[in-house]
Amino acid sequence: MRCPNHRLVGRRSVLSCRPSGNMMEVKLVFQIRDRLPVQVLCMSAPLPPGAQHAPATMRNRAPILEVLRTVLPEHGLVLEIASGTGEHASFFAQALPGLVWQPSDPDADCRASITAHAGAAGAGNVLPALDLDVSVPQWQRDVAERHGPVDAALCINLVHITAWTTIDPMMTGVAELLADGGCLLLYGPFRIEGRHTAPSNAAFDTALRTQNPSWGVRNLEDLTDAAASRGLIREQVIAMPANNQMVVYRKR
Ligand SMILES: C[S@@+](CC[C@H](N)C(=O)[O-])C[C@H]1O[C@@H](n2cnc3c(N)ncnc32)[C@H](O)[C@@H]1O
């Protein structure tokens with residue numbers, strides 16, 4: 001993100017970021033060479049035209065990236081399902097330059113936003129977003145024709161806001177697309193052995209089911225069974241901030 005008011009020299013990291021009209025208020029920590037880090041700057045930078053902003057992506061992207069660094073290969077192709085605004089795609093792709101990032105979303109506005117963020121970030125390893133609706137049987141054909149096997153598939157915050165009639169074809173498609181040894185990473189809130197991991201997740205689950213009875217916070221064991229029946233074996237469950245989990249399935 002570029003600051004219109006400051007030429008940034010030295011190391012910096014984003015502390016917080018929130019929308020304000022069509023601007024973003026960004027709080028940074030700066031460190032110039034061996035000087036002490038300073039937490040001073042608040043700046044506003046316009047969202048690029050067509051870009052959308054999801055505040056949660058600013059909170060969860062760093063912890064997710066830490067996991068990606070340990071799980072993803074150094075080089076290869078990552079298919080991101082349900083990329084949303086595309087903020088994750090640009091951030092992860094920039095941080096993991098050996099990978100080629102294939103974002104996707106069935107929503108045209110989201111695909112425009114993915115393009116806008118990738119362009120603004122100069123993330124050259126983000127491919128144009130694909131129009132993928134993983135509830136459609138054989139959705140994976142288009143990806144297979146373009147890329148052949150993929151090294152990893154990442155799906156953040158989808159399975160609770162969709163029905164099993166989407167999750168099943170998603171799993172089938174991912175299992176077909178993954179190269180041997182490739183992994184599927186699912187991030188979001190999950191129940192474990194039928195129990196919510198926090199009261200806030202239980203309330204969220206109720207709200208989701210009220211909105212759509214086929215939605216809801218999924219039981220991890222149900223997802224694991226669905227994955228295993230397609231040859232995707234659960235390898236890790238990593239507790240993440242805000243009562244979320246990252247689940248890693250490996251194609252064996
Ligand atoms: C809660 S948002 C999450 C977006 C992004 N992954 C994030 O964490 O910010 C859910 C996304 O899933 C997408 N989506 C909904 N149904 C889908 C489907 N059947 N196949 C693929 N994506 C879908 C929506 O368009 C939306 O962008």
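The values are calculated or read from the model by the stated rules, or taken from the named source; none is laboratory data. Please read these numbers as outputs of a predicted model, since none were measured by experiment. Neighbour counts run over all protein chains shown; Cβ positions are idealised from the backbone, glycine included.
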* Considering (1) assigned to a loop (DSSP other than H, G, I, E, B); (2) at pLDDT 95 or above, say which one Pro63 fails and leave the rest. => (1)
* Test each condition in (1) more than 24 Å from Val71 (Cα to Cα); (2) more than 16 Å from the chain's Cα centre (by Cα); (3) within 15 Å of the ligand (Cβ to nearest atom) for Asp168 and report the one that comes out false. => (1)
* Asked: What number of residues within segment 199-220 are closer than 17 Å to Asn157 by Cα and either among the small types (Gly, Ala, Ser) or surrounded by fewer than 17 Cβ atoms within 10 Å (Cβ to Cβ) (or both)?
  -> 11
* Does segment 140-158 include one or more residues that are within 10 Å of the ligand (Cβ to nearest atom) and either in a helix (DSSP H, G or I) or over 26 Å from Arg69 (Cβ atoms) (or both)? -> no
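Can you confirm whether Arg191 is without any contact (Cβ under 8 Å) to a residue 60 or more places away in the chain and assigned to a loop (DSSP other than H, G, I, E, B)? Steps first, please.
Details: without any contact (Cβ under 8 Å) to a residue 60 or more places away in the chain: yes; assigned to a loop (DSSP other than H, G, I, E, B): no.
It is false that Arg191 is without any contact (Cβ under 8 Å) to a residue 60 or more places away in the chain and assigned to a loop (DSSP other than H, G, I, E, B).
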* Please work out if Pro63 is within 16 Å of the ligand (Cβ to nearest atom) and not hydrophobic (A, V, I, L, M, F, W, C). => yes
* Starting from segment 70-84, keep only residues that are farther than 17 Å from Pro103 by Cα and at pLDDT below 95, then list their pairs with residues that are away from the ligand (no atom under 16 Å from the Cβ) and hydrophobic (A, V, I, L, M, F, W, C) whose Cβ atoms are within a distance under 8 Å, requiring at least 6 positions of separation or different chains. => none
* Asked: Which residue, of Ala123, Ala163, Ala179, is away from the ligand (no atom under 14 Å from the Cβ) and in contact (Cβ under 8 Å) with a residue 40 or more places away in the chain?
  -> Ala179
* Structure fact -> Inside segment 70-89, the number of residues satisfying the requirement of being outside any loop (DSSP other than H, G, I, E, B) and over 13 Å from Asn125 (Cβ atoms) is 6
* **Restricting segment 197-233 to residues that are in a strand (DSSP E or B) and touching a residue at least 24 places away in the same chain (Cβ under 8 Å), the residue that is farthest from Gln245 (Cα to Cα)** => Leu232
